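Asks: Below is a structure I'd like to ask you about.
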Amino acid sequence: MAVAQPEYLRIAADLRRRISSGEWRPGDQLPTLPELCQEYRVSGTTIRNAIGLLRNEGAVESRARAGTRVRARPPVHRMAADRYRAKSGAPVTPYTRDQGIGWSEYRLDKRFEKVQAGPELAALFECEAGERLLARHFVFHDNDQPTQMSTSYVRWSDVAGTPVADPIHEPWPGGTRAQLLTLGINVTRVTESFTAAMPTDAEAATLKIGAGVPVLRYTRRHIADTGRIVEVAHPIVRRGDTTIVDFAIDLDD
């Protein structure tokens, strides 16, 4: 026997449908609480629960004395398979290519610290636990909207005393691969491993998303032509509902 769906879920689904259909557009104010109670013939608590679910998903926002309005949905961005390939011309990074933005539209918050590799990082670097690393904590902004966060680790022995170890030089045109090339390290391979999950409180706050918006987390490794792993970004975090990852797979005959 099927279990009846709670009323607030049914109402949230209908409100979501009305937003998706364009009945209410970004910036439009939803009917008041009494109006919605009358329309759906339910209590104020039920409507509040339905609105709370949509707010948690990032579909609406509520402000004191301003009611509930439809939030603008961020554009979908595609992460191309070739985004790490070097390209000439205007300053770019894999992130600006993914976002489709110019250098002037790109802002990067950064914090650097020296750390030691624990068991997990040691396994990713294929190094001894305790090796000294430089941890670079980044929050990436597209026109002041935070859309990506990451912690990128490089070996301290590679970058100590170089511009790469100084956050004043970030953002660096060309990204990590270009940085390492200035040190004589030629990166010839990049690997990425993806997972999806609900955001932590810190991720939701940093990316300014609702707790009900899934995130895409992935680990990236830059590997030099010698086979040595020279950078690990673990994790990189993006909102999952507006990110598409493209892969191109060439098959031999």
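The values are calculated or read from the model by the stated rules, or taken from the named source; none is laboratory data. Quantities reported herein were computed from a predicted structural model and do not represent experimental measurements. Don't worry about glycine lacking a Cβ; one is built from the backbone with ideal geometry, like all the others, and counts go over all protein chains shown. Accessible surface areas use protein heavy atoms only, side chains included; no ligands, DNA or RNA. Shrake-Rupley method; radii C 1.70, N 1.55, O 1.52, S 1.80 Å.
Asks: Can we say ALA160 is modelled with pLDDT of 95 or more, more than 29 Å from LEU54 (Cβ to Cβ), among the aliphatic types (A, V, I, L, M) and open to solvent by 30 Å² or more (accessible area, probe 1.4 Å)? Don't jump to the end; show me each part of the working.
Replies: Numbers: modelled with pLDDT of 95 or more: yes; more than 29 Å from LEU54 (Cβ to Cβ): yes; among the aliphatic types (A, V, I, L, M): yes; open to solvent by 30 Å² or more (accessible area, probe 1.4 Å): yes.
Yes.
Asks: Quick one: in the range 170-202, which of the residues that are assigned to a helix (DSSP H, G or I), of a type in the set (Gly, Ala, Ser) and in contact (Cβ under 8 Å) with a residue 60 or more places away in the chain is nearest to ILE101 (Cα to Cα)? Talk me through it step by step, then tell me what you get.
Replies: Residues of the range 170-202 assigned to a helix (DSSP H, G or I): 175-182, 201-202.
Imposing the further condition that a residue be of a type in the set (Gly, Ala, Ser) reduces the set to 175, 178, 202.
Cutting the leftovers down to in contact (Cβ under 8 Å) with a residue 60 or more places away in the chain gives us 175, 178.
Details: GLY175: 15, ALA178: 19 Å.
It comes out as GLY175.
Asks: Scan the range 30-77 for residues that are over 15 Å from ILE19 (Cα atoms), touching a helix residue (DSSP H, G or I) at 6+ places or on another chain (Cβ under 7 Å) and at pLDDT 90 or above and jot them down.
Replies: Answer for the range 30-77, where residues must be over 15 Å from ILE19 (Cα atoms), touching a helix residue (DSSP H, G or I) at 6+ places or on another chain (Cβ under 7 Å) and at pLDDT 90 or above: LEU33, CYS37, TYR40, VAL42, SER43, GLY44, THR46, ILE47, ASN49.
Asks: If you don't mind, another one. Would you check if ARG73 is part of a loop (DSSP other than H, G, I, E, B) and open to solvent by 70 Å² or more (accessible area, probe 1.4 Å)?
Replies: yes
Asks: A further question on this structure: Just name the residue that is least open to solvent (accessible area, probe 1.4 Å) out of those in the range 166-205 that are touching a helix residue (DSSP H, G or I) at 6+ places or on another chain (Cβ under 7 Å) and small (Gly, Ala, Ser).
Replies: GLY175
Asks: Going by the structure shown, is PRO146 farther than 27 Å from ALA123 by Cβ, within 13 Å of the chain's Cα centre (by Cα) and surrounded by fewer than 18 Cβ atoms within 10 Å (Cβ to Cβ)? It would help to see each step written out before you state the result.
Replies: Working: farther than 27 Å from ALA123 by Cβ: yes; within 13 Å of the chain's Cα centre (by Cα): yes; surrounded by fewer than 18 Cβ atoms within 10 Å (Cβ to Cβ): yes.
Yes, satisfied.
Asks: Here's another thing I want to ask about it. Answer with yes or no whether GLN29 is among the polar types (S, T, N, Q), touching a residue at least 24 places away in the same chain (Cβ under 8 Å) and open to solvent by 80 Å² or more (accessible area, probe 1.4 Å).
Replies: Working: among the polar types (S, T, N, Q): yes; touching a residue at least 24 places away in the same chain (Cβ under 8 Å): yes; open to solvent by 80 Å² or more (accessible area, probe 1.4 Å): yes.
The answer is yes for GLN29.
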